[in-house]
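One structure is given here, and the rest of the page talks about it.
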Amino acid sequence: MSIFKKFLNTTVAGPLFALLLVVTIVSLTSPRFLMAQNLSNVSLQVSIVAIVAIGATLVILTGGIDLSPGSTVALVGCTLAILVKNMGLPLPVGIFLALLLGIGLGFINGFLCTYGKIPSFIVTLATMSIYRGLAFLITNGTPIFSVSPQLDPLFYGKLLNIPLPFYYVVFLYAITSLFLRNTIPGRAIYALGGNESAARLSGIRVNQNRLLAYVLAGLMAAIAGVLQTAWLDSGSPNYGAKLGLESIAAAVIGGASLVGGYGSMIASLVGALTVAVVQNGLNLQAVPASWQEITIGSVIILAVGLDMWRSNLGQGLNRVFRWSQSQSTEEKLPKP
């Protein structure tokens, strides 16, 4: 019983219960959900959102927000397609340059937010438009198909009959969790999101660590862009249009606080799974795209609302718990 109580107090408990509830509802409404082929599809679909959600969580932990990863995914994918197919560079070289591009785009976001003193919402809203515009510019608005046959195994390959994207997600989340828990910069990211003034007075390099969070977010978006290109064997400026909101939704559903300083990578992964299961359930039910957009938007509002009302909800539940305890105590007292 004590173990169960300890689990309820962890950051992953709430998101996990939400995921189990969504899985139960989808399973009851669509028998095809639990089929092996569909579960394999879900694991592939969630990989890109989950990887982008790592970067979204890191930025949110600092008290910022990043709306640009979807556009970064599009620009990185288009750049990779041009480098490999049009310019004839070897695939490993193209991937390396694409990842460097993602790091550079993240650096631009972080530099403007940190040293430019521009609110992260404004910066990333602007770069979301700029990066996608650049993707349209370098491709003339035309998708680039059949990038390279070597890309296919990166996404569709299997190891021990498990899709490779599963391993990518597990590895990246494990590394990031260890980084946040066991390194000085990782703890500093939590500290500056919790109280920037106190972090600065404690000797933490606030600007450098905030910049690092955005750079890592750019790298995660670039990795997702490479996987997106491998998934569809093409690069297009239209890819990743909803990834920004989906990654933020995954982080918030996972319990990351939008004011910063509180969150868990494992919980964000659970949040990404929740988003993927909701989308998959809607697809299995053949729900029109318009209603899918409405549903996902409603989930985001609900998740953000729960985050903002978390303290009030907790206080209300505590009052109810104390009241129930007092009632049970009164019932046990001997009557005169």
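What follows draws every value from the coordinates through simple rules; no lab data is involved. Just so we're clear, the structure is a prediction, and the values are computed from it rather than from any experiment. Ideal geometry is used to build each Cβ from the backbone, glycine not excepted, and the neighbour counts take in all protein chains shown.
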Computed over the chain, the relative contact order (Cα-Cα under 8 Å, seq sep at least six) in percent reads 32
If each residue of separation counts as 0.36 nm, what is the full-extension length gain between I122 and A174 once their alpha-carbon separation is subtracted? 15.6 nm
Could you order the peptides 196-209, 285-298 from most to least packed, using the average number of other C-beta atoms within 10 Å per residue? 196-209, 285-298
How large is the helix-only mean residue ellipticity at 222 nm for the chain, computed as the sum of -39500 (n - 2.57) over DSSP H runs with n ≥ 4, divided by its residue count, in deg cm²/dmol to the nearest 500? -24500 deg cm²/dmol
7 Å from Cα along Cα→Cβ at both L137 and N41: what's the point-to-point distance in nm? 3.8
Apply the Karplus curve 6.51 cos²θ - 1.76 cosθ + 1.60, θ = phi - 60°, to the phi angles in region 236-246 and return the couplings in whole Hz, x for Gly and Pro. 8, x, 8, 6, x, 4, 9, 5, x, 5, 5
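For Q285 and R200, what is the calculated FRET efficiency with R₀ set at 51 Å and r taken between the beta-carbons, to the nearest 0.05?
Details: r = 50 Å, r/R0 = 0.99.
E between Q285 and R200, to the nearest 0.05, is 0.50.
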Using 0.36 nm per residue, how much length does the chain from L28 to A13 gain when fully extended, once their Cα-Cα distance is taken away? 3.1 nm
The alpha-carbon center of region 285-303 and that of region 21-64 are separated, in whole Å, by 14
Rounded if a/c is under 1.5, else prolate if a/b beats b/c, else oblate: with a ≥ b ≥ c from the C-alpha gyration tensor eigenvalues square-rooted, which is region 79-187? oblate
Under the Karplus curve 6.51 cos²θ - 1.76 cosθ + 1.60, θ = phi - 60°, whole-Hz ³J(HN,Hα) for region 18-32, x wherever Gly or Pro sits: 5, 4, 4, 5, 5, 4, 4, 5, 5, 5, 6, 8, 9, x, 6
Full-stretch length increase - S146, N161 - with 0.36 nm per residue and alpha-carbon distance subtracted: 2.8 nm
Take R181 and S298, extend 7 Å from each Cα along the Cα→Cβ direction, and tell me the distance between the two endpoints in nm. 3.7
Given (i) 24; (ii) 28; (iii) 18, which label gives percent of Cα pairs over 34 Å apart as computed from the coordinates? (ii)
Going by average Cβ density within 10 Å per residue, which order do the peptides 259-269, 178-188 take, highest to lowest? 259-269, 178-188
